[in-house]
Structures are given as structure tokens and as C-alpha cells.
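**Q** Submitted below is the structure of interest, expressed as C-alpha cells.
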Amino acid sequence: MSVVEIKDKKFVPYITESRINTAVTEIAEKINTELKDKFPLFLVVLNGSFIFAADLLRKVNIPCHLSFIKVASYHGVSSSGSVTELIGLTEDVKGRVVVIVEDIVDTGTTLEKLYHVLEQKEVKELKIATLLLKPEAYQKEMKVDYAGIEIPNDFVVGYGLDYDGLGRNLKEIYVLAK
Ligand code: IMP
């Protein structure tokens, strides 16, 4: 791994392929044990989670469904602020055990919106799986059930994560050089 330049920024090696693989395996093993008889529905939040989800789901060996979603927020006409819509959710989630698959949880704002929408659709149980978690930035109450690697409040790219749309295809994870 060496220094990577993306646009005006330099990123340095941070988390190796092998460390990522270990974290993904640990999450999959937990899921295989804990959700064995629950027939979960994995909801993969695009775009960033596509690589993590592909690796994770190949290590998950229990019966499950999988769907890809996007979260769109816009300001509605009501005074209640922004309205969140889930694009791509075709499955009926009512009564299902749903696992949200995220690449990274930072402040938790995205998760909170998703949570709110899914709760209204009467899911039975909501679980959260994320490869990376920034505990210092996370400001929400929701329990992150499966967190692969905790990182400080730094900006990272690679393994699905982008800087301005770039860097998603990097095999390892890089951090913004100080
Ligand atoms: P949150 O809503 O603050 O938790 O942020 C969630 C989203 O912000 C993630 O799904 C990412 O798309 C993006 N994000 C947060 N931190 C990073 C980072 O370090 N690198 C790249 N994207 C990030």
C-alpha cells in the first residue's frame, strides 16, 4: 500500500485488506449465530456499502433475503423539516428482522432516518451492521449491533468509501493525510 492522491488530497494506508477481511468474518460469524432462525432481510445502503455487502453476504450462511436501497432526503411542504424516502425498497418489511448494512457510521444521521422509516413500516426487529464506526462522532441512541472496526474521527476512503465520488475501488482503506 502506498500514498494515494485523489484530487487535491493525499491519503495514506490505514486498514489492510487482511484486517478488513478479519472484521468482515467476525461480523458474519455473529450474524450466523444470532440470526440463525430469523430469516433476516439485509438492506444494503448504496452506494458505499456495495463492496462490504458483497464480502459479508458471501460469509453469511443462513437463509436470508437481500435488497439494495438508497436514502433520499428532501424538504417537504410541512414544517416538520426534511422528509426521508427509501428508494428501491420493494420487499414487504412488515414483521421481518431487518439488518441495515452500512459502510460507515459517522454521526448516525443517515441511520436515524432509515430507522424512522423502517419503524413506521412495522419491522419486527432492526439490526445494524457497519464495517466502520466513528464512536467519537456518533451522537445517537440506536444500538449498532455489528460494528467491524472502530476508527477515530478521520476521513477515510477505499473499499466502497469515496472522496467526491472517487476512491471506492481501492482494495484497502486509506486515511486523509494530516
Ligand atoms: P452519518 O449520517 O454522519 O453517519 O454519515 C453517513 C455517511 O456519510 C456514510 O454512509 C458515508 O457515505 C459518509 N461518510 C461518513 N464518514 C465518511 C468517511 O470518513 N469517508 C467517506 N464517507 C464518509
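**Q** Would you mind stating whether PHE68 is within 12 Å of the ligand (Cβ to nearest atom), at pLDDT 95 or above and surrounded by fewer than 20 Cβ atoms within 10 Å (Cβ to Cβ)?
**A** No.
**Q** Identify the residue in the range 157-171 that is touching a helix residue (DSSP H, G or I) at 6+ places or on another chain (Cβ under 6 Å) and open to solvent by 10 Å² or more (accessible area, probe 1.4 Å) and, among all such residues, is nearest to the ligand (Cβ to nearest atom).
**A** TYR159
**Q** Of everything in the range 119-144 that's without any contact (Cβ under 8 Å) to a residue 24 or more places away in the chain and in contact with a strand residue (DSSP E or B) (Cβ under 8 Å, 6 or more places away or on another chain), which residue is farthest from the ligand (Cβ to nearest atom)?
**A** Filtering the range 119-144 for residues that are without any contact (Cβ under 8 Å) to a residue 24 or more places away in the chain and in contact with a strand residue (DSSP E or B) (Cβ under 8 Å, 6 or more places away or on another chain), the one farthest from the ligand (Cβ to nearest atom) comes out as GLU119.
**Q** Could you run through the range 77-113 and say how many residues are away from the ligand (no atom under 16 Å from the Cβ), open to solvent by 10 Å² or more (accessible area, probe 1.4 Å) and modelled with pLDDT of 95 or more?
**A** 3
**Q** Please specify each residue of the range 145-156 satisfying the condition of being more than 26 Å from ASP37 (Cβ to Cβ), open to solvent by less than 90 Å² (accessible area, probe 1.4 Å) and more than 9 Å from the ligand (Cβ to nearest atom).
**A** ILE149, PRO152
**Q** Test GLY48 against the criterion of being in contact with a strand residue (DSSP E or B) (Cβ under 6 Å, 6 or more places away or on another chain), open to solvent by less than 50 Å² (accessible area, probe 1.4 Å) and either assigned to a loop (DSSP other than H, G, I, E, B) or modelled with pLDDT under 95 (or both), and give yes or no. Quick ask: steps written out before the conclusion?
**A** Values: in contact with a strand residue (DSSP E or B) (Cβ under 6 Å, 6 or more places away or on another chain): yes; open to solvent by less than 50 Å² (accessible area, probe 1.4 Å): yes; either assigned to a loop (DSSP other than H, G, I, E, B) or modelled with pLDDT under 95 (or both): yes.
Yes: the conditions hold for GLY48.
**Q** Still on this model: Are any residues in the range 131-159 over 19 Å from THR25 (Cβ atoms) and acidic (Asp, Glu), and if so, which ones?
**A** Within the range 131-159, GLU136, GLU141, ASP154 qualify.
The values are calculated or read from the model by the stated rules, or taken from the named source; none is laboratory data. All values derive from a computational prediction rather than experimental measurement. Counting neighbours? That spans all protein chains shown, and the Cβs are built from the backbone with ideal geometry, glycine included. These area figures cover heavy atoms from the full protein model, side chains too; ligands, DNA and RNA do not enter into them. Shrake-Rupley method; radii C 1.70, N 1.55, O 1.52, S 1.80 Å.
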